[in-house]
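Following: one structure in structure tokens, then a few remarks.
The values are calculated or read from the model by the stated rules, or taken from the named source; none is laboratory data. What you see is a predicted model; the values in this text were computed from it and never measured. Using ideal geometry, Cβ is built from the backbone for each residue, glycine included, and neighbour counts are taken over all protein chains shown. Areas reflect the complete protein model, heavy atoms only, side chains present, ligands, DNA and RNA absent. Shrake-Rupley method; radii C 1.70, N 1.55, O 1.52, S 1.80 Å.
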Amino acid sequence: MRFSAVVPVLARTEAARDDLARCIGALIAASPAEIVVVDDGSPTPITVPEGVRLVRQANFGPAAARNAGAAVATGEILVFVDADIVIPPDAFARLEAGFTGSDVAAIWGTVSAAHPHPGVVSRYKNHTHRHFTLLQPHETRHLTSMLAAVRREVFLAAGGFDTRLRTVSVEDVELGRTLFERGDRVVIDKELAAEHRHRFTLLGALRNDFHKARHHARATLTRRLRGDRSVALDGPGERRQLHYLVGVPLGVGAVAAALSGRWSLAFGLGAALVAWESDLFGYLRREEGFRFAVACVPLMAIERTTVAAAVLAGVTDVRSEEHTSELQSPCNLVCRLLLEK
């Protein structure tokens, strides 16, 4: 089975270049048939080791970069790896075992529990991603492109990643949904865990959350307004997303109370959020202890406040589009966002 690893990169900092070097080093050690790196307009053009194919393009975004890499790759399995991911040594062996003798169209993995950066925000974001993926059933309705392998013919038939999404957003989730709606089997290998080296600051994490949630809300609502089911709520991953959204008012309330100096109310709402998100809080406690889990509670509340603002921004985006300008109030659109029609 011939694999082509496709790595999109926009290296703005020395840290990003170091992450890319570690990413490529791990890929070389795992010995795929081919490695294609797509430089998506890095301010200073990157270099790669001998034997690694390099494609350069202007800054068109990660979706376009992955598609460009796939266009020149020759493998029957396209393995998309983010530039800040270090794959485990057995990654391609696990993928080959998963594809061989099956009709599986795509396999994706998760992140390892350990994170190379000691900051609370980076560790929290890493843990929340891992926690969400570990809740998934074997067969999923989406994928994430941190580490995801797709049969080449399936990827091409699905149209690849949506290049209208010019920045990091939900292009990978949308591809997974497209595959699911086509009837293709998408599975997760929870033992396929890679090191995610991205270092989050609080501002960077909030910016990332806002951006992704805004695109997620816009894409989901647009699908539903077209009459598509988008994602049925009978899937475990989708139920978890709805559970998350129901807890958003608790986080917003806790942040608002804290900002107004009403500390008793803020504490009470924070405690209610912990009770509602008891599975996540328990996971954080098991992984890094009670003190770490408690330290993450303010992050949980701030994160959900950011998502609330992002959902409203996404709804506003849809209302401003010409084909939905005649629709009802934002409240109606939010209801349609949360409920299948």
### Summary
Per the filter on the stretch 49-80, residues open to solvent by 40 Å² or more (accessible area, probe 1.4 Å) and either under 25 Å from Thr110 (Cα atoms) or small (Gly, Ala, Ser) (or both) are Gly51, Ala58, Ala71, Glu76
### Task
For Ala295, indicate whether it is assigned to a helix (DSSP H, G or I) and modelled with pLDDT of 95 or more.
yes
### Summary
Per the filter on the stretch 267-285, residues surrounded by 15 or more Cβ atoms within 10 Å (Cβ to Cβ) and out of contact with any Cys (no Cβ under 7 Å at 6 or more places or on another chain) are Gly268, Leu269, Gly270, Ala272, Leu273, Val274, Trp276, Glu277, Leu280, Phe281, Tyr283, Arg285
### Query
Which ones in the stretch 22-48 are open to solvent by 60 Å² or more (accessible area, probe 1.4 Å) and of a type in the set (A, V, I, L, M, F, W, C)?
Ile28, Ala29
### Message
Taking the criterion of being surrounded by 22 or more Cβ atoms within 10 Å (Cβ to Cβ) and either touching a Lys or Arg at 6+ places or on another chain (Cβ under 8 Å) or without any contact (Cβ under 8 Å) to a residue 24 or more places away in the chain (or both), would at least one residue in the stretch 125-137 satisfy it?
### Response
no
### Query
In the stretch 138-156, which residues are part of a loop (DSSP other than H, G, I, E, B) and either among the acidic types (Asp, Glu) or within 17 Å of the chain's Cα centre (by Cα) (or both)?
Arg141, His142, Leu143, Thr144, Ser145, Met146
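Listed here are the residues, each with its yes/no results for (1) over 21 Å from the mean Cα position of the chain (by Cα); (2) of a type in the set (Asp, Glu); (3) under 23 Å from Phe200 (Cβ atoms).
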position	(1), (2), (3)
Met1	yes, no, no
Leu10	no, no, yes
Glu14	yes, yes, yes
Asp18	yes, yes, yes
Pro32	yes, no, no
Asp40	no, yes, yes
Pro43	yes, no, yes
### Options Ala105, Ala113, Ala83; residue that is more than 19 Å from Arg199 (Cβ to Cβ) and open to solvent by less than 40 Å² (accessible area, probe 1.4 Å)
Ala105
#### Entry: Criterion: open to solvent by 10 Å² or more (accessible area, probe 1.4 Å) and either polar (S, T, N, Q) or in contact (Cβ under 8 Å) with a residue 60 or more places away in the chain (or both) - qualifying residue of Pro89, Pro118
Pro89
## Note on the structure
The lone condition Phe200 fails out of (1) under 17 Å from Thr13 (Cβ atoms); (2) part of a helix (DSSP H, G or I); (3) not small (Gly, Ala, Ser) is (2)
### Message
Would you confirm whether or not the stretch 159-177 contains a residue that is β-branched (Val, Ile, Thr), outside any loop (DSSP other than H, G, I, E, B) and at pLDDT 90 or above?
### Response
no
## Note on the structure
Residue hits (the stretch 1-42; of a type outside the set (S, T, N, Q) and in a loop (DSSP other than H, G, I, E, B)) are Met1, Arg2, Leu10, Ala11, Arg12, Pro32, Ala33, Gly41
### Task
Report whether or not Ala70 is closer than 29 Å to Tyr244 by Cβ, modelled with pLDDT of 95 or more and not polar (S, T, N, Q).
no
### Query
Are any of the residues in the stretch 310-327 at pLDDT below 90, closer than 20 Å to Leu202 by Cα and either surrounded by fewer than 17 Cβ atoms within 10 Å (Cβ to Cβ) or of a type in the set (Val, Ile, Thr) (or both)?
yes
#### Entry: Selection count, the stretch 65-91, where residues are part of a helix (DSSP H, G or I) and either within 21 Å of the chain's Cα centre (by Cα) or under 14 Å from Val154 (Cα atoms) (or both)
8
### Message
What pairs come out if I take residues in the stretch 173-192 that are closer than 13 Å to Ala219 by Cα and pair them with residues that are crowded, with 21+ Cβ neighbours inside 10 Å and of a type in the set (Phe, Trp, Tyr) whose C-beta lies under 7 Å away, six or more apart or interchain?
### Response
Leu175/Phe161
### Task
Just give me the residues in the stretch 193-221 being among the acidic types (Asp, Glu) and open to solvent by 30 Å² or more (accessible area, probe 1.4 Å), in sequence order.
Glu195
